[in-house]
Amino acid sequence: MSNPLKIATLSFWHVHAGDYSKQAQAHPGTELVAVWDDDAERGRAGAEQFGVEYTGDLDALLARDDLDGVVITTPTDAHRDVMVKAAQAGKHIYTEKVLAPTVAEAEEIVAATDAAGVKLTVSLPRLAHGYTTAIREVLDKGTLGRLTYGRVRLSHDGAIPRDGKEGWLPQRFFEPKAAIGGALTDLGCHPVYLTQLFLGAHPETVSATYRSVAARGLEDNAVVVAGYGDQKIGVIEAGFASGNPFTIELFGTDGTLTYTDRGNVLLVNGEQVDVPEHSPDPFAQWVGHITDGTRADDNIERAVELTRFVVAANAAAETNRVISYS
């Protein structure tokens, strides 16, 4: 691409801000040109890390004619306001999940981007991973028969103190207003959207149990159970309190499937199945949608349903009751 898209990272609140900024620098079709953050110290540190300018004036940054798109890594509670403003300024948007704290806000963001004709993509990276492709092929072939049960677990130990210091996950991730939720709302999004992909996006019921091992303000240990109308059960596990291999288990009337990222091993009825290379990641997909003039229909639909599920799970945990999903 002769003229790379000029990109700004909006906030270094999220721990993935640096990762996405690296992608913006590494992708041949994009150039990172600026950082905005309402925390000047944090923003200046991020800008210095990547050798770009820092600004504390969001309106002025979005008014720049030479800025094509933005990466959203603000506090979750700021997503709607920042993204709607960016869309109205004509900037394409790549955002960290979840899309928004509520379904209404998520739908407002989508409507704003559609009205402005800008391209929106949400970071749901594991949909593009090779094991996901392989698992979908197994399910499409009907090898497992009728699915009855699924379990997806993802955890790290970022909440746990080490060597007299709080865990590597910053305390701002445990602030209820800014973060909206803890392990399930953040890391748990990955098991959620994979469960929705494998078992279905619309369960009948959702229940949840949250616990806080490190007692830092929000849950760091979460289990969510989705009950489906066709009698499937989906179990979603997420945590900040223990490291573990990422695992997927699917059970059907005719077989079983297990995957672990420890060795990248996929077994179907006990036999190892090849795992292909990853497909283009969501950032690359976003650039493609901008340059090709296409819309990320599947990504956006899944992002809204992800928000719907997370809202239901958080409500179930807070009220200690089974939520009727709708």
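Every read-out reported here was derived from the displayed coordinates using simple, explicitly stated rules and does not represent laboratory data. All values derive from a computational prediction rather than experimental measurement. Cβ: placed from backbone, ideal geometry, glycine included. Neighbour counts: every protein chain shown.
Test I248 against the criterion of being over 18 Å from the mean Cα position of the chain (by Cα) and of a type in the set (A, V, I, L, M), and give yes or no. It is false that I248 is over 18 Å from the mean Cα position of the chain (by Cα) and of a type in the set (A, V, I, L, M). Here the strands (runs of 3 or more DSSP E) wholly within the range 5-98 that include at least 1 residues being in contact with a helix residue (DSSP H, G or I) (Cβ under 8 Å, 6 or more places away or on another chain) and closer than 23 Å to P125 by Cβ are 5-10, 30-36, 69-72, 92-95.
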